[in-house]
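Data block below; observations after.
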2 protein chains.
Amino acid sequence: MAHGGGGRLMHDLLANLFLPAFHNDALAVGHDSSVLATGGARVAFTTDSYVVKPLFFPGGDIGSLAVHGTVNDLAMSGARPRWLSAGFILEEGLPMETLWRIVHSMQAAARHCGVEIVTGDTKVVDRGRGDGLFINTAGLGLVEHALDIRPAAIRPGDRILVSGDLARHGMAIMTVREGLLFDSAITSDSAPVHEAVQALLDAGVEVHCLRDLTRGGLAGALNELSAAARVRIAVDERAIPVREDVHAACEILGLDPLHVACEGRFIAFVAAPEADKALAALRTSAAAPQPALIGEVTATDSPIVVLRSRLGANRILDMPSGEQLPRIC
Amino acid sequence: MAHGGGGRLMHDLLANLFLPAFHNDALAVGHDSSVLATGGARVAFTTDSYVVKPLFFPGGDIGSLAVHGTVNDLAMSGARPRWLSAGFILEEGLPMETLWRIVHSMQAAARHCGVEIVTGDTKVVDRGRGDGLFINTAGLGLVEHALDIRPAAIRPGDRILVSGDLARHGMAIMTVREGLLFDSAITSDSAPVHEAVQALLDAGVEVHCLRDLTRGGLAGALNELSAAARVRIAVDERAIPVREDVHAACEILGLDPLHVACEGRFIAFVAAPEADKALAALRTSAAAPQPALIGEVTATDSPIVVLRSRLGANRILDMPSGEQLPRIC
């Protein structure tokens, strides 16, 4: 199980198996989606499979999640999301009414995101060989800006912004699974972020890199990007928005909120003089509910992520190892 | 299980659930892939999930199948296949060596087809909640011809050609599963067909529609197309290539070879005066191992598929109902 959690084991699986086997220029960029040249246009292409458990959770379900997750991966290239595919793997015995609810949730999410589900496929596996249903979505988006948004574009001096409070998706799933009851349920942050990205682009911000904070959370994303760009990243714990109830739930379960997945949050690396403009642009978008400047990039010989804690001490912020939160997406 | 087999129940699931929910112009075309306009270029987009059992079978494995199947769906739009995504759902406990073999088989198949796997994703599910591994591939191809290849373009008078002998993929899987031993194993026909399609296009053949003969086999494809184009289709059993050993295996298992899936065969509907040219073009391509003219289209008020049998009698060739062959792809 530890291989699927977005931590170091998954990182090793990618580095040692998939990337060498499938080696090509697009994969080598190490981005959430690949940008391809198709006769004049630049098209972003991405895929994700969704195996979240339970299928319905506070704030969403596997259907809306499968739309938001892929829309967000496209947005991380600064692409305008346009078309999705949908592949269903159904376990024999899945109630038709469950499938019906999920398909309609997907369609509502797609309409809300302004994308169309244009191709699909359904397979059925025997009872006990699946788990209700799994969904794969692949996505296509059009890259209409002239920027080169990718990990290698991160530069010393860049400022790092986050679009909203962290860790709600992972904790919404975990509290349901663990049967934890709070005064009010923690709801998932599952949502599309492409309009917040568009607000940055429309404002003319010099965006260097974008990354959504899914498996591995903020810590996973920062460690991957620090390694990819070969830079030192420092973030300030006091500036990172985490709700009090989410903090409390994390403490009960022994989790670090910086390791817990979101499904509607991203970080942006922008040129230093652009930080205020970027923050102002994000504040205009409902898709960035609590934007904050959380850190900066410096040059280094040995990539590292450092967290300046609430008490003022610096500590290394490691990539999560193994599987903290299986099947959260 | 009956919903996944490419027969009438799957057809009903599509017609009653997915198509109305996701309704849009691209889906309404009813094709293996959707053709999208992206700034001057036409891009074909398709997806399939693969749940074949066993993972390795005579003539292929789930990895090469996942490449060929999606390459072939793109080719059915007359597109030149270019890029694939790969989404893996691994069951906890899958031996790494198995994954390694499958990933390398995918890469070898991709190289052979001239496509690149440019984006991917891996999820892990707990033991007993999956079945070794499932793979989803989505594909992108470039449509470089000016034809409008789709079911609605089929016309009375069109001739129907098939690219090779039928039913080997399904029977390769079934004989392994049922433990049937013949003098020599039936090997799958899993293979890319895009070069055979390109041969038709290069020869300037007026192609109206293409369809690969996967789930539901020839009978499923002809019934879907007869309904979509509202035409009568007549095919001649004597002209349809089926190997003797495949016939024998079908008889033992009580299957009709015209209902059994291929993974490297397609039919082409071409304007009547083009049939000889089309046959000659297919004969130049190794991707069409046994091309044959098998039938023709006539006008009708009530769509139907008619088989002229070896004995000269006409009978209705029905769509397979329910699930003959679960998990063959």
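Among the protein heavy atoms of the range B:247-329, carbon and sulfur supply 53% of the accessible surface, probe 1.4 Å, non-protein parts ignored.
Per residue, the convex hull spanned by the alpha carbons of the range A:141-229 comes to 128 Å³. For the range B:33-143, the Cβ-based charge dipole about the Cα centre amounts to some 320 debye (Lys, Arg positive; Asp, Glu negative; other atoms uncharged). Farthest towards the positive end of the charge dipole of the protein assembly as shown, among the residues B:58, B:43, A:71, is the Cα of B:43, using unit charges on the Cβ of Lys, Arg, Asp and Glu.
Hydrophobic, long helices, defined as DSSP H runs whose alpha-carbon span along the helix axis is 27 Å or greater and whose mean Kyte-Doolittle value is at least -1.0, do not occur in chain B. A 1.4 Å probe run over the range A:33-143, with the rest of the protein chains in place, finds 27 Å² accessible per residue. Taking the label point 7 Å from Cα in the Cβ direction, how far apart in nm is residue B:179 from each other copy of itself, listed shortest first? Distances to the matching label points in the other copies: 4.3 nm. Ranking A:142, A:319, A:208 by how far each Cα lies toward the positive end of the dipole of chain A (charges on Cβ) leaves A:208 at the top. Computing Rg and the Kirkwood Rh from the Cα coordinates of the range A:135-190 gives a ratio, Rg/Rh, of 1.15.
Inter-copy label distances at residue B:252, shortest first and taken from points set 7 Å along Cα to Cβ: 6.0 nm.
Taking every Cα-Cα distance in the protein assembly as shown and sorting them into 20 Å bins from zero, the calculated P(r) comes out as 19, 51, 24, 5, 0 percent. This model, with +1 at the C-beta of Lys and Arg and -1 at the C-beta of Asp and Glu, gives chain A a dipole about its Cα centre of some 220 debye. Summarising the amide proton neighbourhood of residue B:211: residues at separation of 5 or more, or on other chains, whose placed amide H is nearer than 5 Å comprise B:267.
Ballpark to the nearest 100 Å², how much total accessible area do B and A bury together, probe 1.4 Å?
Numbers: alone 14670 and 14660 Å², together 23470 Å².
Roughly 5900 Å².
A label point on residue A:17, set 7 Å along the Cα-to-Cβ line, lies at 3.0 nm from each of its counterparts in the other copies, closest listed first.
Kindly rank B:133-145, A:140-152 from highest to lowest mean number of other beta carbons found within 10 Å of each residue.
Details: B:133-145: 25.5, A:140-152: 18.8.
Packing proxy ranking, top to bottom: B:133-145, A:140-152.
One quarter of the surface of the convex hull around the alpha-carbon atoms of chain A equals 16.9 nm², the direction-averaged projected area. Take each residue in A:140-151, count the other chain C-beta atoms within 10 Å of its C-beta, and the mean is 1. Working note: Cα atoms of the range B:151-316, range along each principal axis, descending, whole Å: 45, 35, 25.
Can you quote the Å³ per residue value for the convex hull of the Cα atoms in the range B:33-143, rounded to an integer?
Working: hull volume 10.8 nm³, N = 111.
In the range B:33-143, the Cα convex hull volume per residue is 97 Å³.
How far is the Cα center of the range B:99-145 from the Cα center of the range A:137-210, in Å? Centre-to-centre distance over Cα atoms comes out at 26 Å.
The values are calculated or read from the model by the stated rules, or taken from the named source; none is laboratory data. All of these numbers come straight from a predicted model, not from anything done at the bench. Positions of Cβ are backbone-derived with ideal geometry, glycine not excepted, and every protein chain shown enters the neighbour counts. For the accessible areas, the whole protein counts, side chains as well, though only heavy atoms, and no ligand, DNA or RNA atoms are used. Shrake-Rupley method; radii C 1.70, N 1.55, O 1.52, S 1.80 Å.
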